[in-house]
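Inspection log for the structure reproduced underneath, given as structure tokens.
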There are 2 protein chains.
Amino acid sequence: MLSRQYIVAVTTWGLFDTHTIRYTFGMTDDFDAFDTLFLVEVEDDDGAGAQTLSFSRSPTVLLTFAANRFTRAAAKTYAQKFGIGAVDWRMLVMLTRKPGATVTESANTIGIDKGAISRCIARLEKRGLATKGELHANGRSRGWWLTAEGRKLHGEVLREALDRQRILLDGYSEEEIAQFTDLLRRFLVNLDALTEKTSG
Amino acid sequence: MLSRQYIVAVTTWGLFDTHTIRYTFGMTDDFDAFDTLFLVEVEDDDGAGAQTLSFSRSPTVLLTFAANRFTRAAAKTYAQKFGIGAVDWRMLVMLTRKPGATVTESANTIGIDKGAISRCIARLEKRGLATKGELHANGRSRGWWLTAEGRKLHGEVLREALDRQRILLDGYSEEEIAQFTDLLRRFLVNLDALTEKTSG
DNA sequence: GATTCGATGTTGTCACGTCAATATATTGTT
DNA sequence: AACAATATATTGACGTGACAACATCGAATC
């Protein structure tokens, strides 16, 4: 049966609290079996029952929670140790991966707004970490490259990033890491489908 | 061998582009075998080689990317359809799960700043979605409850959230979903260890 | 009983990402 | 040749979360 998969861990940060929560493996409302996997039944004060998202069993909830905490902690560390933000770091990786990338290319790849990239690259240039190339034939876009100093900083932050990732993946087998990336990649593909459906 | 796990998908949004990228399964720098799993070797313009984070193989990169896109898309939809933000929605879930929760409780559970929660709950009250209870014995904290209208909105958004999640988990078996949540939960536990180590 | 301390919530400030508007140059159209 | 359409980057306005400072109240200490 499925229920054994859903042992609830009680940790220090409260997401997995079990007070007043009973899990519903039977049907109470008109949710179907699939949706029921992610619901909890809660007992209202006046005895009325209600169903809502389970934090600990919904991948989307866990995903956003994990990513937020990870980004926040990383941003803090990078700011303290290297004086750069989370986007700056991703941009260093971007320009290492694709020297000569443009603003739009970077925005699409990193997945944040081109306005933010524009400001980010201006910061990097001001700090002497990146330099611009000649204008392209289209007269508007241009490539960007890391300077020697930019490459040096990239190397330093990379060490830190790998150290952090090593801690975060502690206890994961290589196979589990491969599963993790596979699951996340498929999630991203599905996200594409979702946004197309919504915006189209 | 591992390499078969790391087939690179080429999608529309460019994260998995393979131009100028060759994967390094051998050692070139002084990174150890574990770190090498997450690195790509890129060819610089002047022929010099450099290593950097692989977007498509690093769980942390994929995680933040997926979560950012998910949150953004969800926030947009919720704002358009229901006039609430992403945090408002989480707060609706919170107050359904734990009627009478306080600001600090909610902040810890949802994982965002108590200041943001304070403003969020003020918004909800102003819109008639939540009401406050009496002050607790400590004279500062108080519980918060959803109004009938708040519960109604919660139900509507829940349908939408489940619909979206169904699309996002399309193609996942039940076992894979359980694996996904398990991997994410362990990631969160490791995050606890990391932040304790850093801030302590 | 006065003072200190801890817990909780609120508010101000800052950083940053999103969206929309704008600027500018190229390409295509008539 | 003039004009419209397109692509790209920049800039301003806005919303929101993080962090810190502050306010407030009960409890503990002396």
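Where in region A:125-158 are there trypsin sites (Lys or Arg not before Pro) that are in a DSSP coil and have at most 13 other Cβ atoms within 10 angstrom of their Cβ? Walk me through the numbers on the way to the answer.
Numbers: sites: A:LYS126, A:ARG127, A:LYS132, A:ARG140, A:ARG142, A:ARG151, A:LYS152; in loops: A:ARG127, A:ARG140.
The qualifying sites are A:ARG140.
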Closest approach to the axis - chain B beta-carbon, rotation onto A, Å: B:ALA67, 2
Exam field: A:PHE34 pseudo-label spacings to other copies (7 Å along Cα-Cβ), nanometres: 3.8
When a/c reaches 1.5 or more, the comparison of a/b and b/c decides; with that in mind, is region A:108-200 rounded, prolate or oblate per its Cα gyration tensor? oblate
Which whole number gives the average, over all residues in B:153-161, of C-beta atoms from other chains lying within 10 Å of the residue C-beta? 3
Anything losing 30 Å² or more of accessible area from the isolated chain to the full protein assembly: pick those residues out of region B:33-50, probe 1.4 Å, ligands and DNA/RNA ignored. B:PHE34, B:ASP35, B:PHE38, B:VAL42, B:ASP44, B:ASP45
Just to verify a number: FRET efficiency for A:PHE34 and A:GLU134, C-beta to C-beta distance, R0 = 51 Å, to 0.05? 0.40
Kindly give the distances from B:GLY83 to its copy-mates, label point to label point, with each label point 7 Å from Cα along Cα→Cβ, as nm values to one decimal ordered shortest first. 4.7
Would you mind checking which residues have amide H under 5 Å from A:ARG142's amide H? H placed 1.01 Å from N; only 5 or more apart, or other chain. A:VAL103, A:HIS136
Inter-copy distances for B:GLU134, label 7 Å out on the Cα-Cβ vector, sorted ascending, nm, one decimal, are 7.9
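The values are calculated or read from the model by the stated rules, or taken from the named source; none is laboratory data. What you see is a predicted model; the values in this text were computed from it and never measured. Heads up, the Cβs are rebuilt from the backbone with ideal geometry, glycines too, and the neighbour counts pull from every protein chain shown. All accessible areas refer to the heavy atoms of the entire protein, side chains included, with ligands and DNA or RNA removed. Shrake-Rupley method; radii C 1.70, N 1.55, O 1.52, S 1.80 Å.
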